[in-house]
1. If I filter region 33-40 for residues that are of a type in the set (Phe, Trp, Tyr) and surrounded by 14 or more Cβ atoms within 10 Å (Cβ to Cβ), do I get at least one hit?
2. Looking at region 33-49, I want the residues that are part of a strand (DSSP E or B) and have a partner that is surrounded by fewer than 10 Cβ atoms within 10 Å (Cβ to Cβ) and aliphatic (A, V, I, L, M) with Cβ atoms under 8 Å, at least 6 apart or on another chain. Which pairs are those?
3. If you scan region 61-88, which residues turn out to be within 14 Å of the chain's Cα centre (by Cα) and either at pLDDT 65 or above or of a type outside the set (A, V, I, L, M) (or both)?
4. Would you pick out the residues in region 7-32 that are in a strand (DSSP E or B) and either out of contact with any Leu (no Cβ under 8 Å at 6 or more places or on another chain) or over 25 Å from Arg55 (Cβ atoms) (or both)?
5. Could you please give the count of residues in region 1-32 that are touching a residue at least 24 places away in the same chain (Cβ under 8 Å) and hydroxyl-bearing (Ser, Thr, Tyr)?
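The values are calculated or read from the model by the stated rules, or taken from the named source; none is laboratory data. Being a predicted model, the structure only gives us computed values, none of them experimental. Every residue, glycine as well, gets a Cβ built from its backbone with ideal geometry; the counts of neighbours run over all protein chains shown.
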Amino acid sequence: MRVTVIPRVGAPPVVLEASQFVAEDDLGTPIAVGAAYGPDGAYAVSCVGCPDFRRVLRALGVDRTVVVDRLVLPRPQPGARLLAGPAD
């Protein structure tokens, strides 16, 4: 498979031939994975939020899973209104 990386806005893309990739956030937490496998050229791809993400991570040998218990966001700007809230 071919993986195209754009290092920064306006920079030329870097194209890599790969059989597997792991995309991580700035803290090193995996957020997406993909792999080509088998004689028929099948692909496995998954990302954060997909029900099979942890299973695919394990199958590809990625054993770094970070669980976020509480998300801390910056305070909204003055005058901002809440349009939608948590669904719990």
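1. Within region 33-40, none of the residues are of a type in the set (Phe, Trp, Tyr) and surrounded by 14 or more Cβ atoms within 10 Å (Cβ to Cβ).
2. Listed by first residue and then by second, the contacts come to Ala36/Ala42.
3. Once the filter is applied, which keeps residues that are within 14 Å of the chain's Cα centre (by Cα) and either at pLDDT 65 or above or of a type outside the set (A, V, I, L, M) (or both), region 61-88 yields Val62, Arg64, Thr65.
4. Val14, Val15, Leu16, Glu17, Phe21, Ala23, Glu24, Ile31, Ala32 - these are the residues of region 7-32 that are in a strand (DSSP E or B) and either out of contact with any Leu (no Cβ under 8 Å at 6 or more places or on another chain) or over 25 Å from Arg55 (Cβ atoms) (or both).
5. Count: 1.
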